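To start, the structure itself, in structure tokens.
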Amino acid sequence: MGIDLEVLRICSPQEFDRAFLPMSDKGVGAAIVLNDVRCFNERTRRTALAAQSQIPVMYGKCGFVEAGGLLAHSPKGPELFRRAATYVDKILHGAKPADRPVERPTKVELVLNLKTAKALGLTMPPTLLGPLDLTNMRVRVWFPTFQRAGLTPRNLYQTRHTFASLILQAGEDPAWIARIMGHTTTEMLFERYGRFIQYRTRHDGAAYLEASRRVRENRP
């Protein structure tokens, strides 16, 4: 794509100022500010620096746009809090925290500050001016991508199961797979996906018999 990326680590408000202000002199075309409590607490200062540098910036929380930032793409905060309350309720009623699956946000919003866009001299395409939630993403992006690839459409969450079964079949370490799927043990992994693990034969005990045969053949 011809895009050069530069990652800046910022540990204090002073470092943010020193890192951000020279961007325009370096010819930086755009920036992304990741979620961080310190940055969010000083969002008014951050968005002011972006305006001063005349750099389009995308943020990870909608509060930045309310403070004058250009663009934010993030989950809806109230929805996250409601889901967290559901988790707490299930744990208080006896569910094991380690057995609870990791959930992705189901409601994501794209927020645009048209006043800031105008100040930066940017013309936004019509596709960004309408609502962009998970339903629209499925209709406009997700399912058309499957169709172009000649694949049967699947829901977003179904691809999680596909991912787990495929890498288990490939022989990846189950403990590693459990960790990246958000589980602390392999119990749920084997319970739900154990049948997808491919063996050389489908006969129980065959792997042990084959290993024993190899040991016997290698004996002097």
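Bear in mind these aren't lab numbers, they're just calculated from the coordinates by the rules spelled out. All of these numbers come straight from a predicted model, not from anything done at the bench. Don't worry about glycine lacking a Cβ; one is built from the backbone with ideal geometry, like all the others, and counts go over all protein chains shown.
The value of relative contact order for the stretch 1-124, using C-alpha pairs under 8 Å at least six residues apart, is 21 percent. Sorting S74, S24, S12 from the fewest to the most surrounding beta carbons within 10 angstrom yields S12, S24, S74. Taken as Cα centroids, the stretch 41-106 and the stretch 145-187 sit 25 Å apart, rounded to the nearest whole angstrom. Note on Q147 and L5: the model spin-label points, each 7 Å out from Cα along the C-beta direction, lie 3.0 nm apart. Taking other C-beta atoms within 10 Å as the exposure proxy, W142, W176 rank W176, W142 from fewest upward. In summary, the lysines within cross-link reach of K90, defined as a Cα separation below 25 angstrom excluding same-chain residues under 8 places away, comprise K76, K107. For L70, nonlocal amide neighbours, meaning residues 5 or more places apart or on other chains whose placed amide H falls under 5 Å from its own, are V57. With both labels modelled 7 Å from their Cα along Cα-to-Cβ, the V37 to Q169 distance reads 4.4 nm.
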